[in-house]
Amino acid sequence: HYSHTLRNTKGVTMANTYTLISSNVLSSSAASVTFSAIPATYTDLVVRITGRCDRGATRSNLGIKLNSATTNYSDTYVGTNTSGAAFSGRVAIGALTYQFIGIIPAANATANTFGSAEYYLPNYAGSANKPASTFGVYENNSTTDAQILAMADLYSSTTAITSLEVVDTQGNFVSGSSFYLYGIKNS
């Protein structure tokens, strides 16, 4: 694990310790990667993903399902599209069966190019709704085909999170895609 020092809104230094809970680097394709039996001993969770999909297109959607749920997700997002123009929007509760967290390259994108995302879930073991934040980057090694997304996600459930499943919603993750789950303790 490693330590990272942050300052809260009052300027007080807080030490956050990241501990690797589990990791999975694929040696063959997979439709999803699940982290289960997540202990309730941390303050927050972070998932770091580097992925690529086998879908016959240039890109594919990346998502997360919390506790295997397929309802109660909403997202607000800002980003740049493939031509560099800014955009924003909102996906209301009920429109998704997963929490949208980004876009990754697919089979028709530049070979061996992977996208990345970081999903941050604070107070995952608490009894309130679960807000999260995501930052993701889609890359195709082209000056006209890249995308950046930042999202405020919400899972409207007061149940503690004990499992999460990272899904490619339109295909399978390819070999070499990597997934890391960290627990964070504020200490």
- Note down the magnitude of the dipole of the stretch 46-117 about its Cα centre, charges +1 on Lys and Arg C-beta and -1 on Asp and Glu C-beta and zero elsewhere, to the nearest 20 debye. 60 debye
- Expected unfolding gain across THR43-THR80 under the 0.36 nm per residue rule, minus the alpha-carbon gap, is 10.2 nm
- Query: In a solvent-free Debye calculation with one equal scatterer on each Cα, what is log10 I(q)/I(0) for the chain at q = 0.10, 0.14, 0.17, 0.18 Å⁻¹, listed in the order of the q values?
  - Reply: -0.40, -0.79, -1.13, -1.24
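Let me spell out the model: positive unit charges on the Cβ of Lys and Arg, negative unit charges on the Cβ of Asp and Glu, origin at the Cα centre of the chain. What dipole size does that give, in debye rounded to 20?
Computed charge dipole of the chain: roughly 340 debye.
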- Note on the structure: Within the stretch 162-181, the residues whose backbone N lies under 18 Å from a label point placed 7 Å from the Cα of SER28 along the Cα-to-Cβ direction are 172-178
- With the 1.4 Å probe rolled over protein heavy atoms, the chain has an accessible area per residue in Å² of 47 Å²
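At a 1.4 Å probe, what is the % contribution of carbon and sulfur to the accessible area of the stretch 50-187?
Numbers: 2910 of 5710 Å².
Ligands and nucleic acids excluded, carbon and sulfur give 51 percent.
The values are calculated or read from the model by the stated rules, or taken from the named source; none is laboratory data. Computed from a predicted structure; not experimentally measured. With ideal geometry, Cβ positions are generated from the backbone for all residues, glycine too; neighbour counts draw on all protein chains shown. What goes into the accessible areas is simple: the full protein's heavy atoms, side chains included, and nothing from ligands, DNA or RNA. Shrake-Rupley method; radii C 1.70, N 1.55, O 1.52, S 1.80 Å.
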